[in-house]
1. Between THR303 and ALA71, what is the label-to-label distance in nm when each label sits 7 Å out along the Cα-to-Cβ direction?
2. For VAL81, list long-range residues whose amide hydrogen, built 1.01 Å from N in the peptide plane, is under 5 Å from its own amide hydrogen.
3. Gain in length, ASP221 to GLU240, computed as 0.36 nm per residue apart minus the alpha-carbon separation, to one decimal in nm?
4. Please state the shape class of segment 30-91: rounded when a/c is under 1.5, otherwise prolate if a/b exceeds b/c and oblate if not, all from the C-alpha gyration tensor.
5. Grab the beta carbon distance between GLN33 and THR317, set R0 = 25 Å, and tell me the FRET efficiency rounded to 0.05.
6. Starting from segment 212-295, pick out the trypsin sites (Lys or Arg not before Pro) whose DSSP state is loop and whose Cβ has at most 15 other Cβ atoms within 10 Å.
7. What FRET efficiency, computed as 1/(1 + (r/R0)^6) with R0 = 35 Å and r the Cβ-Cβ distance, is obtained for ASP142 and ALA274, rounded to the nearest 0.05?
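What follows draws every value from the coordinates through simple rules; no lab data is involved. Bear in mind the structure is a predicted one, so any value in this text is a computation, not a measurement. Counting neighbours? That spans all protein chains shown, and the Cβs are built from the backbone with ideal geometry, glycine included.
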Amino acid sequence: MAVAIADLVAQARDGDHRSVARLISMVENAAPQLREVMAALAPHTGHAAIVGLTGSPGVGKSTTTAALVKAYRADGRRVAVLAVDPSSPFSGGALLGDRIRMQEHATDDGVYIRSMGSRGHLGGLSWATPQALRVLDAAGCDIVLVETVGVGQAEVEIASLADTTVVLLAPGMGDAIQVAKAGILEIADLYVVNKADRDGVEVTTRDLRQMMSLGEKRGPDDWSPPILKTVASRGEGIDEVVTAIDKHRNWLTESGMLDARRRVRAADEIEALALTTLRRRMNKSRDGALLDELAGRVVAGTTDPYAAADELSAAMTALA
Ligand SMILES: Nc1nc2c(ncn2[C@@H]2O[C@H](COP(=O)(O)OP(=O)(O)OP(=O)(O)O)[C@@H](O)[C@H]2O)c(=O)[nH]1
Ligand SMILES: [Mg+2]
């Protein structure tokens with residue numbers, strides 16, 4: 001059972017799916033070896049292009065993802081799909097429908113598919129997803145597609161994890177209005193109006209364009225998000241999406257934005273981990289009844305909240 005972490009990482013880098021799966025499970029379960037895992041992965045990260053796909057329920061994210069996988073494979077690229085379900089605490093296998101759609105890739109070593117719930121005991125998406133992305137990146141994936149349904153804050157969170165964020169819309173779903181509401185205009189690098197075989201595709205595209213022009217604050221060197229039309233269920237327009245994603249990637253690299261985005265992301269990750277450590281120490285000091293005692297003194301007026309917070313911080317530092 002006890003496999004050396006270095007071996008596990010080496011096997012994952014050789015494309016062994018079971019090793020990748022075990023590493024991601026370690027992330028999700030916050031296994032005790034996680035520090036060692038992350039240290040072993042670190043030198044191998046930074047290659048994969050992280051592409052987030054988001055949009056309202058049923059807009060065609062999974063169908064588009066499957067079509068993109070096919071296109072990337074035809075191009076000889078190694079690709080992973082991480083389906084993040086913000087409403088589910090469950091992880092592990094892919095959702096049933098998505099599994100069927102992905103069936104043609106099931107025996108392809110160049111494709112890795114995983115779904116994650118996001119309400120894990122450790123606070124979900126923001127905690128486990130970046131670490132899972134590190135595993136897939138270090139495992140040698142060229143592209144990691146992260147699919148998440150655009151409800152609540154999920155799409156904004158995904159955008160903060162992705163190099164390129166693709167927002168999907170479909171005609172007749174009032175999506176253009178939703179775009180404005182959800183602050184999607186700030187996060188989209190690429191719009192895909194899927195189900196272009198349906199009526200209303202022009203209306204959706206026009207609404208979207210109008211919405212974009214209202215929010216326009218772009219300089220001449222800034223990226224201007226293109227609007228593409230697809231019929232994902234027939235694979236139409238998918239090559240154009242691949243090209244646009246590559247083009248955005250090149251822009252990110254050349255403008256220095258890729259590095260800038262990644263630094264922000266790393267800073268967020270470090271901050272989240274540091275806060276987790278602090279909270280753990282605070283709970284320890286709570287066991288020691290310090291917080292309780294301080295609260296009593298604040299209520300009694302013998303100290304003030306600022307001085308009490310200083311005292312708590314000092315006690316937490318001493319616990320380091
Ligand atoms: N007419 C048409 N139907 C499509 C197209 N793309 C997908 N669909 C259908 O739309 C339905 C929803 O597609 P999914 O790919 O599951 O959508 P999704 O966004 O992943 O859905 P959730 O994960 O549930 O949010 C399915 O029945 C697809 O077959 C398209 O281009 N045209
Ligand atoms: Mg889906």
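1. A separation of 6.1 nm, rounded to one decimal place.
2. TYR112, ILE113, ARG114, LEU145
3. So the extension gain works out to 4.6 nm.
4. Oblate.
5. So the FRET efficiency works out to roughly 0.40.
6. Listed in order of number, the matching sites are LYS217, ARG218.
7. 0.65
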